[in-house]
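Asker: Have a look at this one before I ask anything.
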Amino acid sequence: MTFAVILVAIVVVSVLFHFLSPWQATPLASNWGSIDTTITITLVITGIFFVAIVLFMAYCVYKYKALPGRRSEYRPENKKLEWWLIGITTVAICALLAPGLIVYNDFVHVPPNAVEFEAVGEQWRWSYRLPGKDKTFGRTSVTRIDENNAFGIDPSDAAGQDDVLIAGNQMHVLINQPTKALLRSKDVLHDFYVPQFRAKMDLIPGQVTYFWFTPTVLGTFDILCAEYCGIGHYNMRGQVVVDDASSYQKWLSSQVTFADVLSGGTVEGLVDQGQRLASSRGCIACHSIDGGPSLGPGWLDLYGRQETLSDGSQVKVDGPYLIESVVDPAAKIVAGYPPVMVAYEMSDEQLDSLVAYIASLSSDPENSTSIQPSTEE
Amino acid sequence: MAYADDVENEELHEPTGFIWKYVWSQDHKVIAIQYSTTAILVGLVALVLSGMMRMQIGFPGSIDMDSTAYYQAMTMHGMIMVIYLLTAIFLGGFGNYLIPLMVGARDMVFPFVNMLSFWFYLVSVLVLLASFFVPGGPTGAGWTLYPPQAITAGTPGSEWGIILMLVSLIIFIIAATMGGLNYVTTVLQARTHGMTMFRMPLTVWGIFVATILALLAFPALFVSGVMMLLDQTIGTSFFMPDMMQFGSQLDYSGGSPILFQHLFWFFGHPEVYIVALPAFGLVSDLISIHARRSIFGYRMMVWAIVSIGVLSFVVWAHHMYVSGMNPYFGFFFATTTLVIAVPTALKVYNWLLTLWRGNIHLTVPMLYSLAFIVTFLVGGLTGLFLGNVVVDIPLSDTYFVVAHFHMVMGVAPILVVFGSIYHWYPKMTGRMLHDGIGKLHFWITFLGTYLIYFPMHYLGFLGMPRRYYAYEDYPFIPESAQSLNAFITVVAIVVGISQLLFLFNLAYSYFKGAPSGGNPWRATSLEWLTPETPPKHGNWGTSLPVVHRWAYDYGVPGAELDYVPQTTSPEEVPVHESDHDE
């Protein structure tokens, strides 16, 4: 009796939980409402089977509980009943599969009017590329990636010259415009996942993957990495901003093309050199520059600050300390951060530019005047 | 059955001395207990690791665990539970103990190889545990060990940990192969007089088919392990394309990361059934015995096991719907995956129809069996979400997946392990496990795991990605999700600690348990009919048992008792028409 009651209670509580749960799908912001519909169909059909089966089990446990003198029925099989059950199950399976495959057919067929953008993943950040006016992406190769060519675009490919490069973590897309995301990884597996869009797809180094969606709601949405990619996986943040036509054009017009980057040649000024270096060597994947959370200490207002190390001692953040932290990261670990950074090999010139860049991110450099001279060597 | 005749006339060389009896033993029963004990001990390590992970998720920062340690715990928890606990205990533990006893053999066909199987398994466990003590610690690549990250610097243990993991897996596969050849050969060659294939208990069928799957699937993991070892140690590029590592070019070129995923899941999906099929078999026997009713649709149950086994080899890429493989594969794999639900559903129906019009004894093994049906049902139904390719797209890599696979291949099989240990412990020791402690342990484990994993599906609907060390500053995740995670952690810690009840019961009952006699559950299958309990070396005394009927004669009309042992002759109780094999 107790067991039967508990089985019934499990059914009742589970069904109530489903309807009362505050944890439901996050509001949809793309065309993939049809995917949500397939989830609903699946919930209804599997829910019916769940309720029916557990209640039948509760009935059996209650009705056929052992009694002295009771004997079970001896009927080892009932072919007819079994074929009926197989038939009903098959019908239910078809009712799940058919709508699923129809929607999946939409998912794999990108509409001809879709516009393309490319998302590039690396540990642990995102960057993006648009094909430019010719609507054709330039050829790329991981082997071409260097400080001046973060996307590895082939400079001899004319189609690449007008490619628009977005080095930051934030991408803009146009509302109600079918959009095809081409996905490329520089290092390991990643996955481009915006919960509000429903769709997601892995990035694989060595090949280009894709999926498509039509954003339907204006706003800013988080891009999460959904394929485990190492210790910074949980913090591989990006953002996609869904714009209307005018704000999209405004944003687009302020972006640089590959040709701009090439003609820019060598960057003037230590700070700008440092900024480029921080981007190309991936520093900003783990060191936020806007005060946001990150795997390592953020660089905003870092320079000149007093930091507590994991052994309890204090250190003032200055040039020599920062340089040591790049070339021998394990030497001093700031308390609260994991000792996960690998050592980087950089020239003295590069190190100086990086320090200058980090110092430029401190809003109140006067505070650090007392140690300023040590950075000027 | 010429082989069995020879065995009967062979002299039994019973080993003497503690070492030969209990350490370097070739007796399948001792090897079974060695396998099970090792599996449970290493499983406890994995249980502790899961508790640490839950503390970090439920109460971030409450224990001193950085993301490196978190991912190492996650990886080791998964790998230990799937391979070193579940696979080892079902095949090496229950397979070893029950196959010879249930088919009426004196031992496995190759006892020496069987002994080697255990010792290789033990070495594989020690190599795995050694990785906790090497520089950089164990691998944190996730139990799927996907390259390239498994061997690049952004992943914990990418230098030493991953090597020890791969070497340990290779040794484990050698162990599983030696054991597996034994189980298959013993089932095919060493059955006693009258024990036709269709008179075997479903336990034997489940383990037999699972072992065939293991022998066919593990080689895919073996070769991918060897290839990754070569990539890591001598710089080949089987799985490694042109790639960067923190801004520098790596010296790899032309390999395919997705090739590894295909190889891994060609092993990995059958692996699910390597664990599930023995559980199906064992639970079928528990339900029939404790409901005192013949298993419903025996032949259908056998064909369901066989067809699930065959189908399990053509569904692997449903783990890869968003992996970037050719998207058109999705149509094929969604179809095969949902087809496999039909024989699986049939098994559930037949378990229920075995209860129907039965005479149900709610013993501890039966409680675990019924709990298994509920848990497996939830896990199976949520599998229909993830198997249906387009439904999987929003849910893959979220907590829905974590909840699903823990229900279906974590909790459900473990409930069968507990039920089966309660059921066969009397045969192994001659004593009953304590009933009260057993029931307490059952209720905490069953209701606790349901409370952990049922709500967890909804975090997946919400879109919370799995394998995240922390969830700070993701605005789409409401505050309340953290409360749910804290709740889940509290329940998980309670369930984890309550497993001490089980361990205590095992130890206490070994000395103080009520004597069980030879057949405490009044069961029909051969292992309950041994001349001694626990069975001695050679199992059957002077002559092998002779089988006249199937293993499910419960409630036979006209019989004096409500069960008719398999050795009862047709003259005493007529063999029913249900036993098709004359």
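The values are calculated or read from the model by the stated rules, or taken from the named source; none is laboratory data. Here the structure is a predicted model, which is why all the values come from computation and not from measurement. FYI the Cβ positions are ideal-geometry reconstructions off the backbone, even for glycines, and counts take in every protein chain you see.
Asker: If you check A:Ile204, A:Ile231, which single one turns out to be surrounded by 24 or more Cβ atoms within 10 Å (Cβ to Cβ), assigned by TED's automatic domain parsing to the domain that holds A:Phe137 and over 20 Å from B:Gly324 (Cα atoms)? Write out each step before concluding.
Answerer: Working: A:Ile204 fails: over 20 Å from B:Gly324 (Cα atoms).
Only one candidate passes the filter, namely A:Ile231.
Asker: Name the residue that is farthest from the chain's Cα centre (by Cα), counting only residues in the stretch B:292-342 that are more than 18 Å from B:Leu213 (Cα to Cα) and among the hydroxyl-bearing types (Ser, Thr, Tyr).
Answerer: B:Tyr328
Asker: So which residues in the stretch A:300-358 are surrounded by 12 or more Cβ atoms within 10 Å (Cβ to Cβ) and polar (S, T, N, Q), if there are any at all?
Answerer: If the condition is that a residue be surrounded by 12 or more Cβ atoms within 10 Å (Cβ to Cβ) and polar (S, T, N, Q), then A:Thr308, A:Ser310, A:Ser325, A:Gln350, A:Ser353 are the ones that fit.
Asker: Farther than 28 Å from B:Thr144 by Cβ and surrounded by fewer than 24 Cβ atoms within 10 Å (Cβ to Cβ): which single residue out of B:Val314, B:Val310, B:Val302, B:Val272 fits that description? Reasoning before the result, please.
Answerer: Numbers: B:Val314 fails: farther than 28 Å from B:Thr144 by Cβ; B:Val310 fails: farther than 28 Å from B:Thr144 by Cβ; B:Val272 fails: farther than 28 Å from B:Thr144 by Cβ.
Among B:Val314, B:Val310, B:Val302, B:Val272, only B:Val302 is farther than 28 Å from B:Thr144 by Cβ and surrounded by fewer than 24 Cβ atoms within 10 Å (Cβ to Cβ).
Asker: Could I ask something else about it? Can A:Leu224 be described as part of a strand (DSSP E or B) and either in contact (Cβ under 8 Å) with a residue 12 or more places away in the chain or over 26 Å from A:Met201 (Cα atoms) (or both)? So that I can check it myself, show each step before the final result.
Answerer: Details: part of a strand (DSSP E or B): yes; either in contact (Cβ under 8 Å) with a residue 12 or more places away in the chain or over 26 Å from A:Met201 (Cα atoms) (or both): yes.
So A:Leu224 passes the test.
Asker: Another question, if that's okay. Residues being facing chain A (nearest Cβ under 9 Å) and either out of contact with any Leu (no Cβ under 9 Å at 6 or more places or on another chain) or of a type in the set (S, T, N, Q) (or both): count how many of those fall in the stretch B:299-324.
Answerer: Final tally of qualifying residues: 4.
Asker: While we're on this one: Could we say that A:Tyr248 is in a helix (DSSP H, G or I) and either under 18 Å from A:Arg129 (Cα atoms) or among the hydrophobic types (A, V, I, L, M, F, W, C) (or both) here?
Answerer: On the way: in a helix (DSSP H, G or I): yes; either under 18 Å from A:Arg129 (Cα atoms) or among the hydrophobic types (A, V, I, L, M, F, W, C) (or both): yes.
Yes; evaluated as a whole, the condition is true for this residue.
Asker: Here's a check for you: in the stretch A:120-166, which residue that is among the β-branched types (Val, Ile, Thr) and in a loop (DSSP other than H, G, I, E, B) is nearest to A:His287 (Cα to Cα)? Full working, then the answer.
Answerer: The initial filter retains those residues of the stretch A:120-166 that are among the β-branched types (Val, Ile, Thr), namely A:120, A:136, A:140, A:142-143, A:145, A:153, A:164, A:166.
When the remaining residues are screened for being in a loop (DSSP other than H, G, I, E, B), the result is A:136, A:145.
Numbers: A:Thr136: 33, A:Ile145: 21 Å.
Out of the qualifying residues, it is A:Ile145.
Asker: Checking the conditions here, which among B:Gly436, B:Gly387, B:Gly410 is free of Cβ contacts under 8 Å to residues at least 60 places away in the same chain and farther than 26 Å from B:Gly61 by Cα?
Answerer: The unique qualifying residue is B:Gly436.
Asker: Which residue is modelled with the lowest pLDDT, if the candidates are limited to the stretch B:540-581 and must be over 24 Å from A:Arg70 (Cα atoms) and among the acidic types (Asp, Glu)?
Answerer: Out of the qualifying residues, it is B:Asp581.
Asker: For the stretch A:237-254, check the following and say yes or no: at least one residue is within 11 Å of chain B (Cβ to nearest Cβ), touching a residue at least 12 places away in the same chain (Cβ under 8 Å) and under 26 Å from A:Leu203 (Cα atoms). Spell out the reasoning first.
Answerer: Taking the stretch A:237-254 and keeping what is within 11 Å of chain B (Cβ to nearest Cβ), we get A:237, A:239.
From what is left, the residues that are touching a residue at least 12 places away in the same chain (Cβ under 8 Å) are A:237, A:239.
Now drop any that are not under 26 Å from A:Leu203 (Cα atoms), which leaves A:237, A:239.
Checking the stretch A:237-254: at least one residue is within 11 Å of chain B (Cβ to nearest Cβ), touching a residue at least 12 places away in the same chain (Cβ under 8 Å) and under 26 Å from A:Leu203 (Cα atoms).
Asker: Determine, yes or no, whether A:Ala285 is within 14 Å of another protein chain (Cβ to nearest Cβ) and either under 24 Å from B:Thr152 (Cβ atoms) or assigned to a loop (DSSP other than H, G, I, E, B) (or both). Write out each step before concluding.
Answerer: On the way: within 14 Å of another protein chain (Cβ to nearest Cβ): yes; either under 24 Å from B:Thr152 (Cβ atoms) or assigned to a loop (DSSP other than H, G, I, E, B) (or both): yes.
It is true that A:Ala285 is within 14 Å of another protein chain (Cβ to nearest Cβ) and either under 24 Å from B:Thr152 (Cβ atoms) or assigned to a loop (DSSP other than H, G, I, E, B) (or both).
Asker: Looking at B:Gly281, B:Gly330, B:Gly254, can you tell me which residue is surrounded by 24 or more Cβ atoms within 10 Å (Cβ to Cβ) and within 11 Å of chain A (Cβ to nearest Cβ)? Break it down into steps so the answer makes sense when it comes.
Answerer: Details: B:Gly281 fails: within 11 Å of chain A (Cβ to nearest Cβ); B:Gly254 fails: surrounded by 24 or more Cβ atoms within 10 Å (Cβ to Cβ).
Just one listed residue meets the conditions, B:Gly330.
Asker: Go through the residues of the stretch B:415-430 one by one and say whether even a single one is more than 7 Å from chain A (Cβ to nearest Cβ), at positive phi and either buried (at least 24 other Cβ atoms within 10 Å of the Cβ) or more than 23 Å from the chain's Cα centre (by Cα) (or both). Give the derivation first.
Answerer: Going through the stretch B:415-430, the residues more than 7 Å from chain A (Cβ to nearest Cβ) turn out to be B:415-430.
The next check asks that each one be at positive phi; those that pass are B:430.
Retained after the next criterion (residues that are either buried (at least 24 other Cβ atoms within 10 Å of the Cβ) or more than 23 Å from the chain's Cα centre (by Cα) (or both)): B:430.
Checking the stretch B:415-430: at least one residue is more than 7 Å from chain A (Cβ to nearest Cβ), at positive phi and either buried (at least 24 other Cβ atoms within 10 Å of the Cβ) or more than 23 Å from the chain's Cα centre (by Cα) (or both).
Asker: Shifting gears a bit: From B:Val204, B:Val167, which residue is buried (at least 24 other Cβ atoms within 10 Å of the Cβ) and touching a Leu at 6+ places or on another chain (Cβ under 8 Å)?
Answerer: Details: B:Val167 fails: buried (at least 24 other Cβ atoms within 10 Å of the Cβ).
Being buried (at least 24 other Cβ atoms within 10 Å of the Cβ) and touching a Leu at 6+ places or on another chain (Cβ under 8 Å) holds for just one of B:Val204, B:Val167, which is B:Val204.
Asker: Further question on the same structure: Go through (1) more than 29 Å from B:Ser323 (Cβ to Cβ); (2) in contact with a strand residue (DSSP E or B) (Cβ under 7 Å, 6 or more places away or on another chain); (3) not assigned by TED's automatic domain parsing to the domain that holds A:His172; (4) not in a loop (DSSP other than H, G, I, E, B) and name the single condition A:Asp272 misses.
Answerer: All conditions are met except number (2).
Asker: Residues that are buried (at least 19 other Cβ atoms within 10 Å of the Cβ), touching a residue at least 40 places away in the same chain (Cβ under 8 Å) and within 8 Å of another protein chain (Cβ to nearest Cβ): does the stretch A:70-85 have at least one?
Answerer: Looking for residues that are buried (at least 19 other Cβ atoms within 10 Å of the Cβ), touching a residue at least 40 places away in the same chain (Cβ under 8 Å) and within 8 Å of another protein chain (Cβ to nearest Cβ), one finds none in the stretch A:70-85, hence no.
Asker: Right, another one. Using the structure shown, decide if B:Thr185 is out of contact with any helix residue (DSSP H, G or I) (no Cβ under 8 Å at 6 or more places or on another chain), in a helix (DSSP H, G or I) and in contact (Cβ under 8 Å) with a residue 60 or more places away in the chain. Lay out the reasoning, then the answer.
Answerer: Numbers: out of contact with any helix residue (DSSP H, G or I) (no Cβ under 8 Å at 6 or more places or on another chain): yes; in a helix (DSSP H, G or I): yes; in contact (Cβ under 8 Å) with a residue 60 or more places away in the chain: yes.
In short, yes.
Asker: Taking the stretch B:456-474 as the search range and keeping residues that are at the interface with another protein chain (Cβ under 7 Å from one of its Cβ atoms), farther than 22 Å from B:Gln72 by Cα and of a type outside the set (Gly, Ala, Ser), which one is surrounded by the fewest Cβ atoms within 10 Å (Cβ to Cβ)?
Answerer: Taking the stretch B:456-474 and keeping what is at the interface with another protein chain (Cβ under 7 Å from one of its Cβ atoms), we get B:458-459, B:461-463, B:465, B:467-470, B:472-474.
Within this subset, residues satisfying the condition of being farther than 22 Å from B:Gln72 by Cα are B:458-459, B:461-463, B:473-474.
Still in the list and also of a type outside the set (Gly, Ala, Ser): B:458-459, B:461-462, B:473-474.
On the way: B:Tyr458: 21, B:Leu459: 23, B:Phe461: 22, B:Leu462: 23, B:Asp473: 11, B:Tyr474: 17.
Result: B:Asp473.
Asker: Okay, next question. Please indicate, with yes or no, whether at least one residue in the stretch A:94-114 is in contact with a Phe, Trp or Tyr (Cβ under 6 Å, 6 or more places away or on another chain) and either hydroxyl-bearing (Ser, Thr, Tyr) or more than 9 Å from chain B (Cβ to nearest Cβ) (or both).
Answerer: yes
Asker: Sticking with this one: Taking the stretch B:475-493, which residues are more than 7 Å from chain A (Cβ to nearest Cβ), crowded, with 20+ Cβ neighbours inside 10 Å and aliphatic (A, V, I, L, M)?
Answerer: Within the stretch B:475-493, B:Ile477, B:Ile488, B:Val491, B:Ala492 meet the criteria.
Asker: Now a separate question. If you take the residues in the stretch B:333-356 that are at the interface with chain A (Cβ under 7 Å from one of its Cβ atoms) and of a type outside the set (A, V, I, L, M), which one is nearest to A:Arg184 (Cα to Cα)?
Answerer: B:Thr335
Every residue, every condition in (1) at the interface with chain A (Cβ under 10 Å from one of its Cβ atoms); (2) farther than 30 Å from A:Leu101 by Cβ; (3) at pLDDT below 95, yes or no:
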position: B:Leu367; (1), (2), (3): yes, yes, no
position: B:Asp392; (1), (2), (3): yes, no, no
position: B:His404; (1), (2), (3): no, no, no
position: B:Pro413; (1), (2), (3): no, yes, no
position: B:Thr445; (1), (2), (3): no, yes, no
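Asker: Provide a single number: the residues in the stretch A:115-143 that are within 13 Å of another protein chain (Cβ to nearest Cβ) and basic (Lys, Arg).
Answerer: Residues that pass the stated criteria total 1.
Asker: Still on this structure, I have one more. When you look at A:Asp146, is it over 20 Å from the mean Cα position of the chain (by Cα), within 12 Å of chain B (Cβ to nearest Cβ), in contact (Cβ under 8 Å) with a residue 40 or more places away in the chain and under 22 Å from A:Trp124 (Cα atoms), yes or no?
Answerer: Details: over 20 Å from the mean Cα position of the chain (by Cα): yes; within 12 Å of chain B (Cβ to nearest Cβ): yes; in contact (Cβ under 8 Å) with a residue 40 or more places away in the chain: yes; under 22 Å from A:Trp124 (Cα atoms): yes.
The answer is yes for A:Asp146.
Asker: Give all pairs with beta carbons closer than 9 Å in which a residue from the stretch B:1-28 that is modelled with pLDDT under 55 meets a residue that is surrounded by 13 or more Cβ atoms within 10 Å (Cβ to Cβ) and assigned to a helix (DSSP H, G or I); count only pairs at least 6 apart in sequence or on separate chains.
Answerer: So the pair list comes out as B:Tyr3/B:Gln189; B:Ala4/B:Gln189.
Asker: Go through the stretch A:208-231 residue by residue and tally those that are facing chain B (nearest Cβ under 7 Å) and over 9 Å from the mean Cα position of the chain (by Cα). First the steps, then the outcome.
Answerer: Going through the stretch A:208-231, the residues facing chain B (nearest Cβ under 7 Å) turn out to be A:209, A:222, A:224, A:226-231.
Subsequent filtering for residues that are over 9 Å from the mean Cα position of the chain (by Cα) retains A:209, A:228-231.
Residues flagged as facing chain B (nearest Cβ under 7 Å) and over 9 Å from the mean Cα position of the chain (by Cα) within the stretch A:208-231 amount to 5.
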